[in-house]
Amino acid sequence: MRWELVAFDLDNTLFSHEDAFECAIKQCFKIFQDKIDTNLHTVDEDTFFSLFKFNCDNYWEDYEQDKLTRSEYRRKRFCKTMTALELPSTNDLADAFHHYYDSIIDDYSVPFPGLQDLLQTISNQQVKLAIMTNGNVKTQSNKIKKLGILHAFERKNIFISEEIGFTKPDKQFFKWVETELNVFSSRCIFVGDSWELDVVGAVDAGWEAIFFNNRGEQRTTGHPVLKEVTTFKDLKSELIRLVTEGRTL
């Protein structure tokens, strides 16, 4: 039996969002150093980013659990960082900082080497391709465009949580895709970097999953995976093997 669909997460699966995020945040801080307050030069960009990332992670669960809105989450991570560094801290500054961040983050979205070849190989095997990502439609669409991979995905094969009303790991997200693309769950495979969002969601929906564990994440459940890889090179070779040889269940 051959695969009907190979679906990918976006951030940290098709490109390194972590690298893009760090570069963009540091660039934002540089701009603030020059244009907002010269006192910001008392702190270097590495120190700022390290603390900023800590606050991003520290308050992420509150955001995921809807205890903070997106705007509140962004303001909190910025203001907590600035206050700890004894730098100017207001909601207006936080909003301005993130407005600039939104305007440049796409510029740092660079596909993993070999992505184009992988997508072409899968497509040549008459296997459908899809992207399934949580997030804002405008933000995620801009990332996909910047990656230069729109030619590999029909617009109807790009699924963004804000647009469809379901968020991974809700299995309804996966069932929605099955219906839209007219595929069977047993012949679908999902590739993602998050155990909780990608692997658990896919397996609960009856899909196979490949865990692209490029950030050293720990498994939190006993959900089975078809394969776990840590580099894009290994992910590419494994997927090419699967789609060219066919999967026997």
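Accessible area per residue for the chain in Å², computed with a 1.4 Å probe and the full protein assembly in place, what is it? List each step's numbers first, then the result.
Values: 12250 Å² over 249 residues.
So the chain comes to 49 Å² accessible per residue, rounded to a whole number.
Tell me what the chain gives for mean residue ellipticity at 222 nm when only DSSP H runs of n ≥ 4 count, each as -39,500 (n - 2.57), the sum divided by the residue total, rounded to 500 deg cm²/dmol.
Taking each H run of at least 4 residues, the total per residue is -15500 deg cm²/dmol.
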17 Å Cα-Cα reach of Lys138 towards lysines, excluding residues that sit fewer than 8 places from it in its own chain
Lys146, Lys156
Cα-Cα over 30 Å: which of Lys175/Lys236; Lys53/Lys233; Lys26/Lys143; Lys76/Lys227?
Lys76/Lys227
Under a crude label model (7 Å from the Cα following the beta-carbon direction), how far is Gln218 from Asp92 in nanometres?
4.5
Sticking with the crude label model, points 7 Å out along Cα→Cβ, report the distance from Asn58 to His99 in nm, one decimal please.
2.7
Taking amide H positions as placed in the peptide plane 1.01 Å from N, state which residues far from Phe8 in sequence (5 or more) or on other chains have amide H under 5 Å from it.
Ala130, Ile131, Met132, Val191
Sites Arg2 and Asn142, calculated FRET efficiency, Cβ-Cβ separation with R0 45 Å, nearest 0.05
0.85
Starting from a Cα-only point model with no solvent, please compute log10 I(q)/I(0) by Debye for the chain at q = 0.13, 0.14 1/Å.
-0.84, -0.95
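The values are calculated or read from the model by the stated rules, or taken from the named source; none is laboratory data. This structure is a prediction, so every number in the text was calculated from the model and none was measured. Methodologically, a virtual Cβ is constructed for each residue, glycine included, from the backbone with ideal geometry; neighbour enumeration extends over all protein chains shown. Only protein heavy atoms, including side chains, enter the accessible area calculation; ligands, DNA and RNA are left aside. Shrake-Rupley method; radii C 1.70, N 1.55, O 1.52, S 1.80 Å.
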